[in-house]
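Have a look at the structure below before the remarks.
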Amino acid sequence: MIEKVGFNCVGCGACEGICPTNTVKVKELDRGYKPFVNRELCINCKLCVKVCPIQNINIPDDYTKIKRAYRCWSRNKSVYLKGASGGGVSSLLIYMFDKKLIDAALVTFYDKNLNLYGDFITDKNEVLNHSGAFYQQSKQLVNINKITRFHSVAVVGLPCHIEAVRRFAELNKLKNIYVMISLFCTIGRMKKGFEDFIKKRFNLEVRNLEFSEYKSRYGKSRLGDIILKTKDGKELIYKYPEYLNFVDYFYTPEGCFNCRKMFGLNADISIGDDWGIKTTRKLCLVSVNTDRGLEIFLNCNLIKYYEVSNPVKTLLNSQPIGIPLKVFHPPLKVPVLKLMKALGSFNTNVPLFRITSLIRTIVLLGFIKLGKPKAYER
Ligand SMILES: Cc1cc2nc3c(=O)[nH]c(=O)nc-3n(C[C@H](O)[C@H](O)[C@H](O)COP(=O)(O)OP(=O)(O)OC[C@H]3O[C@@H](n4cnc5c(N)ncnc54)[C@H](O)[C@@H]3O)c2cc1C
Ligand code: SF4
Ligand code: SF4
Ligand code: SF4
């Protein structure tokens, strides 16, 4: 059944994680992600279909859920340096572990080939090993069945992950999810983009390397650096925008073409960047969407924050490309993304990359010009 999802798959790993006979494998192919099932082992329970978030991700966020919005950053220097946008998520996790509000958190791990997946940490000292934003698809729910081992869990993920966790919780009547924290997300990126980037930039094949460390958006400045260390002592360092210019919109999994969830407002707290304001420092924009979220956020002693006066407007302005592209959903969106993806196959060729990169800039400026939909302003 789940095979019918085909390339509408967004690679969240929920079907793989929930399958009682361990029969589903989600793979990345050129077009995007796709689930594969071993028919001989399938018992036709349909759990994989029921947990799949693709039926929800084409419904835009409900902005009436926003209770309050804040700009914030971590008071702790290490958390700030390692955090993608100032360490808001990591600060909240450390605070909740400290106060024993949670005994586990679902965060993102990487293996030695830098494949991303979700798993649980159980100690505040583990939080910083997983902070930073890895701009690649993560099989965030591949270990979701372990959630029943814990009493009180914080879940971190992209809007599609939050939708899948919500479905998983409903199916299993879970009562142990303490809080869900969504990251904002304009668009997904496939691992192939990362591999092509490393090949072009360092002339190295990712599949031949074994990585020991991955820091993304490390440092004081807003955009930060990406720092990769290999087990044989190589250090690969590059600027975050360098990577995004190469990958963004050229390596989009087809499943993301249908996604209209920008902020993940079904979570208790949503956190992203505020690209609507000029600053050189890291800064999280936070939308608090439930009473539980508000209680956690306001009591967290690890962050400095100030409230923003018009939450919906601030959120919409914070994503000058994401909002027109995802939420306004002009009929142009899917063909344009398909074209960009086709152009991506030329990216490893240096002269052609100049042309594809120019086309990308023109397209993105076009989306910025389309602006945000008036209907969503409040
Ligand atoms: C793939 C992706 C796309 C994003 N797109 C946007 C965007 O378009 N606009 C915007 O404003 N913000 C976007 N964000 C959010 C932004 O980059 C930061 O993650 C967010 O602001 C939180 O920053 P922080 O300093 O509080 O997080 P940190 O304290 O650094 O914690 C980050 C948390 O994110 C988790 N994480 C890292 N990578 C992934 C992943 N691939 N999938 C799931 N969880 C992950 C980590 O486990 C960690 O718990 C995106 C994040 C990701 C991962
Ligand atoms: S129907 Fe059940 S057994 Fe078959 S692949 Fe899906 S989850 Fe696994
Ligand atoms: S979107 Fe998630 S649950 Fe659905 S098929 Fe893809 S990996 Fe499986
Ligand atoms: S655009 Fe982002 S939130 Fe939406 S399906 Fe893709 S990765 Fe998930």
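Could you check segment 155-173 and list, in sequence order, the residues that are assigned to a helix (DSSP H, G or I), among the small types (Gly, Ala, Ser) and more than 10 Å from ligand 3 (Cβ to nearest atom)? Within segment 155-173, 169 is the sole residue that qualifies.
Every residue, every condition in (1) of a type in the set (Val, Ile, Thr); (2) within 18 Å of the chain's Cα centre (by Cα), yes or no:
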site	(1), (2)
7	no, no
28	no, yes
40	no, no
49	yes, no
56	no, yes
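Tell me yes or no: at least one residue of segment 31-46 is touching a strand residue (DSSP E or B) at 6+ places or on another chain (Cβ under 7 Å), within 10 Å of ligand 2 (Cβ to nearest atom) and closer than 16 Å to residue 167 by Cα. No - not one qualifying residue is present in segment 31-46. Among the numbered conditions (1) within 15 Å of ligand 1 (Cβ to nearest atom); (2) of a type outside the set (A, V, I, L, M); (3) open to solvent by 10 Å² or more (accessible area, probe 1.4 Å), the only one that residue 182 does not meet is (3). Remark: pairs (first residue in segment 130-153, in the same structural domain as residue 117 (by TED's automatic domain parsing) and at positive phi; second residue hydrophobic (A, V, I, L, M, F, W, C) and not in a helix (DSSP H, G or I); Cβ separation under 7 Å; 6+ apart in sequence or on different chains) = 132/84.
The strands (runs of 3 or more DSSP E) found wholly in segment 255-321 and carrying at least 2 residues that are of a type in the set (D, E, K, R) occupy 303-307. Residue count for segment 54-88 satisfying the condition of being open to solvent by 50 Å² or more (accessible area, probe 1.4 Å), more than 16 Å from ligand 4 (Cβ to nearest atom) and assigned to a loop (DSSP other than H, G, I, E, B): 3. When restricted to residues that are among the hydrophobic types (A, V, I, L, M, F, W, C) and in a loop (DSSP other than H, G, I, E, B), segment 21-44 contains 4.
Where residues in segment 185-220 are outside any loop (DSSP other than H, G, I, E, B) and within 13 Å of ligand 1 (Cβ to nearest atom), which of them is farthest from residue 11 (Cα to Cα)? Of everything passing the filter in segment 185-220, 218 is farthest from residue 11 (Cα to Cα). Quick check on residue 200: is it at positive phi and either away from ligand 3 (no atom under 16 Å from the Cβ) or buried (at least 19 other Cβ atoms within 10 Å of the Cβ) (or both)? Answer is no for this residue.
For residue 51, the conditions (1) of a type in the set (Val, Ile, Thr); (2) within 16 Å of ligand 2 (Cβ to nearest atom); (3) surrounded by fewer than 23 Cβ atoms within 10 Å (Cβ to Cβ) all hold with the exception of (3).
Yes or no, residue by residue, for (1) closer than 29 Å to residue 73 by Cβ; (2) within 19 Å of the chain's Cα centre (by Cα):
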| position | (1), (2) |
| --- | --- |
| 247 | yes, yes |
| 257 | no, yes |
| 282 | yes, yes |
| 291 | yes, no |
| 312 | yes, no |
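The values are calculated or read from the model by the stated rules, or taken from the named source; none is laboratory data. Keep in mind that what you see is a predicted model, and the values were worked out from it rather than measured. When we count neighbours, we look across all protein chains shown, and the Cβ atoms used for this are built from the backbone with ideal geometry, even at glycine. These area figures cover heavy atoms from the full protein model, side chains too; ligands, DNA and RNA do not enter into them. Shrake-Rupley method; radii C 1.70, N 1.55, O 1.52, S 1.80 Å.
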